[in-house]
Amino acid sequence: MRDFYRHQEHALVQTARLVTILGVALGGTVLLSAVGIGYIVVVFNVIEQVPVDLWTAFIETFAVSVPVISVVIAVGSFIKIYQLRGGGSVVAEQLGGTLISDGHADASHRKVLNIVEEIAIASGVLVPPVYVMEGEPGINAFAAGYSHHDAVIAVTRGCIDRLSREQLQGVIAHEFSHIFNGDMRLNIRAIGVLHGILTLTLLAEWFIHEGLKIMATGGRGRRDGTFVGVAFVICGAIIWPIGTVGLVLSLVIKSAINRQREYLADASAVEFTRNPAGLAGALKVIGGYAVGGRVRNPSAVEASHLFFTDGCRGFSRLFHSHPPLEDRIKRIEPDWDGVHLFEEERDIAPYGGAFQGTMNLIGGSSRPRAQQVDRTTLSAERDEEIEEACAWSVHNEEMLSTIPPALLELTQDKIGARVTLLTTWLANSRDANRAKQLSLIPEALRPAVEAFLELVATLEDFQQILLFDTALGALDRQSGAELEGFLRDVDHLLKRSQIDGLFQWAWFRLVTQYLGDRLGVERAKPRYGTLEPVSEHVEALLSFLVHAGQPDGGLGEYTFRRACSQLRSQQEFHFLRCDMSNVLGLLEIIDVALDHCSKLAARPRRDILLASGACITADRDISWNEALLIRVICSALNYPLPTLLPGQPVTPGA
């Protein structure tokens with residue numbers, strides 16, 4: 001397992017702990033406030049000599065106060081969250097951002113748009129609108145929005161002008177990680193909690209203000225007015241410090257959560273780009289630049305938690321929304337010598353306008369970036385990881401060059417991408433079913449599918465998968481209406497045709513999930529925090545993956561046990577024997593298994609992904625079945641699609 005997985009896991013664990021502490025702090029604030037109100041009632045009864053049991057009066061007041069205070073905080077939180085759900089474009093424009101588009105982009109804007117498109121495909125999320133903060137010389141960027149449906153990416157002019165392409169790619173991948181990991185929603189909810197506690201302190205101030213007014217005017221009678229006024233003031237005076245302490249403590253915890261999410265975004269950015277040097281280089285440039293990451297817009301203080309690095313200075317490290325630059329660099333490059341990159345040491349090549357790829361890129365117009373890596377400058381600790389990334393990129397580049405140019409050109413056209421996908425589906429049908437399946441293809445696309453069918457059918461296994469990857473990634477350039485139309489066509493095929501084998505099954509799952517994600521269809525929310533509730537489905541999934549990758553079954557039990565070692569669970573998993581002569585029946589079981597596993601929380605989902613990786617790499621070679629299944633598993637578990645191809649050599653556990 002690579003270091004970025006370990007850092008992601010650590011950040012997720014720390015976030016969970018801090019969120020728990022935030023919940024405890026919130027609950028403590030409610031309980032202490034209720035105790036204070038109960039105390040006031042007891043004092044009132046003593047002074048007025050009311051003939052009631054004081055303990056009973058305290059308990060009854062406490063029991064009523066807890067839900068009332070909770071409702072006050074909940075209403076304050078809801079109002080703030082509702083206000084912040086306006087969409088990322090509102091935040092970007094408030095911070096001085098200008099929307100850039102394909103039709104009116106100069107070279108620098110084109111560079112940003114290309115990188116955003118690359119990372120969107122690599123991370124498996126929609127391509128968001130892109131804003132540039134032209135008047136900001138500092139090096140910074142941010143992602144804003146409540147969910148990936150309304151998210152935007154914004155970069156400063158300093159970020160464009162002072163970073164190389166690979167450094168800018170690292171920064172944008174970091175911001176995409178916030179979208180991918182749901183950090184924006186978490187941040188907005190945390191802000192909502194803070195505002196709810198603030199509402200409690202505002203209520204306390206109202207009590208004090210009204211109490212002083214009643215004391216001044218006398219109320220119903222001078223004695224009664226004075227007494228009620230004093231009671232209001234004392235009540236406010238007790239709740240106010242409790243609410244203030246709760247607010248400060250919650251703010252500290254929120255800042256700590258934000259710092260952990262920054263570490264998580266750094267690790268995820270390295271996973272997306274497979275290039276630690278890009279992100280680390282950007283951080284070093286910021287550290288060596290006089291302006292740093294400062295943003296001059298007056299609204300930057302309120303939005304400081306959104307930025308790539310600190311956009312404004314805090315008065316205490318406890319309240320900093322970002323970790324120190326040095327700590328972030330050290331996590332990416334443990335052997336860093338502590339020296340930042342200063343202006344005279346940087347060499348930024350002019351941008352040639354090319355759309356380039358990342359390790360996880362599945363788009364067709366990409367070109368792997370392995371040739372850009374200067375291997376002589378790599379640290380010894382990262383040599384193996386980078387060498388493997390370079391080997392994968394070179395392998396895919398070589399394989400891409402073997403596909404007939406006519407097919408690659410076809411994927412670059414909007415209609416052509418759909419034709420290519422449908423042709424790969426039809427090419428993998430049985431001869432007896434092909435004519436019927438061809439008749440189900442939309443009439444407007446049928447002639448083109450027939451024209452390319454023979455050529456696609458003659459492709460090797462790895463070429464068909466690579467062509468499918470290329471066409472699937474090209475769908476990202478289509479409009480929502482076009483994607484909805486294609487999804488209707490796919491649903492029609494699924495309902496009217498019989499699935500012929502593993503490829504067509506994988507085709508339907510991958511295409512429908514890809515289209516659903518890009519159309520904003522919400523995935524199922526996590527229901528299981530551990531693997532135990534879905535253990536039988538995990539057994540079925542891993543056992544099938546072993547059998548599909550090793551038809552002779554020679555190392556089946558060993559491979560299964562090796563995969564299960566990646567599962568952090570006390571549950572004992574059993575290797576199941578699969579009758580591979582009934583693949584369609586087994587695929588129905590795998591459908592159910594994937595649907596259940598997709599409802600797991602992030603940690604157990606990652607465990608299943610790592611276990612699946614251990615399965616397919618056990619024999620150091622990727623088969624046709626394994627290449628298809630690992631794509632389906634990644635898609636179902638909401639991970640970026642890998643670029644592994646049949647026949648590709650791999651390192652066990654990679």
Counting other Cβ atoms within 10 Å, which trypsin sites (Lys or Arg not before Pro) in the range 151-240 have at most 15 and lie in a DSSP loop?
ARG220
GluC sites (Glu not before Pro) restricted to DSSP loop in the range 545-596 with at most 11 other C-beta within 10 Å:
GLU572
Under 25 Å Cα-Cα from LYS111, which lysines qualify once same-chain neighbours fewer than 8 residues away are excluded?
LYS284, LYS414
With the crude spin-label approximation of a point 7 Å out along Cα→Cβ, what separation in nm comes out for ALA451 versus ASP413?
0.6 nm
Return, ordered by residue number, the residues of the range 560-574 whose backbone nitrogen is under 15 Å from a label point located 7 Å along Cα→Cβ of ASP619.
560
With point charges of +1 on the Cβ of Lys and Arg and -1 on the Cβ of Asp and Glu, referenced to the Cα centre of the range 162-285, which listed residue (THR244, VAL285, GLY170) lies farthest in the positive direction of the dipole?
THR244
DSSP-loop trypsin sites (Lys or Arg not before Pro) across the range 551-641, with at most 13 other Cβ within 10 angstrom:
ARG568, ARG577, ARG620
By accessible area with a 1.4 Å probe, ligands and nucleic acids excluded, highest first: order of LYS525, LYS414:
LYS525, LYS414
Residue by residue, what Karplus-based ³J(HN,Hα) values in Hz, rounded to whole numbers, does the range 187-193 have, using 6.51, -1.76 and 1.60 with θ = phi - 60° and x for Gly and Pro?
5, 5, 5, 5, 5, x, 4
Under 16 Å from the Cα of LYS599, which lysines turn up, not counting those fewer than eight places away in the same chain?
LYS525
Could you order ARG331, ARG261 so the one with the most accessible surface comes first? Probe is 1.4 Å.
ARG331, ARG261
FRET efficiency, SER479 to TRP206 (Cβ-Cβ, R0 41 Å, nearest 0.05):
0.20
Net +/- balance of residues flanking TRP505 in space, Cβ distance below 10 Å, scoring K and R +1, D and E -1
-2
Mean Cβ neighbour count within 10 Å, used as a protection proxy, ranking 286-295, 426-435, 511-520 highest first
286-295, 511-520, 426-435
Taking only protein heavy atoms and a 1.4 Å probe, the highest-to-lowest accessible-area order of THR470, THR199, THR56 is THR56, THR199, THR470
Can you compute the modelled spin-label distance between LEU99 and LEU576, with each label point 7 Å from Cα toward Cβ, in nm?
4.9 nm
VAL521-VAL90 FRET efficiency (beta carbon distance; Förster radius 25 Å; 0.05 resolution):
0.55
How far is it, in nm, from the label point at ALA432 to the one at ARG561 when both lie 7 Å from their Cα along the line to the Cβ?
4.2 nm
Under 19 Å Cα to Cα from LYS495, which lysines show up? Leave out anything in the same chain fewer than 8 places away.
LYS436
Once you list every other residue whose beta carbon is under 13 Å from the beta carbon of PRO404, what net charge do they have if Lys and Arg are +1 and Asp and Glu are -1?
-3
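The values are calculated or read from the model by the stated rules, or taken from the named source; none is laboratory data. This structure is a prediction, so every number in the text was calculated from the model and none was measured. Counting neighbours? That spans all protein chains shown, and the Cβs are built from the backbone with ideal geometry, glycine included. Accessible surface is based on the protein model in full, side chains and every heavy atom, while ligands, DNA and RNA are left aside. Shrake-Rupley method; radii C 1.70, N 1.55, O 1.52, S 1.80 Å.
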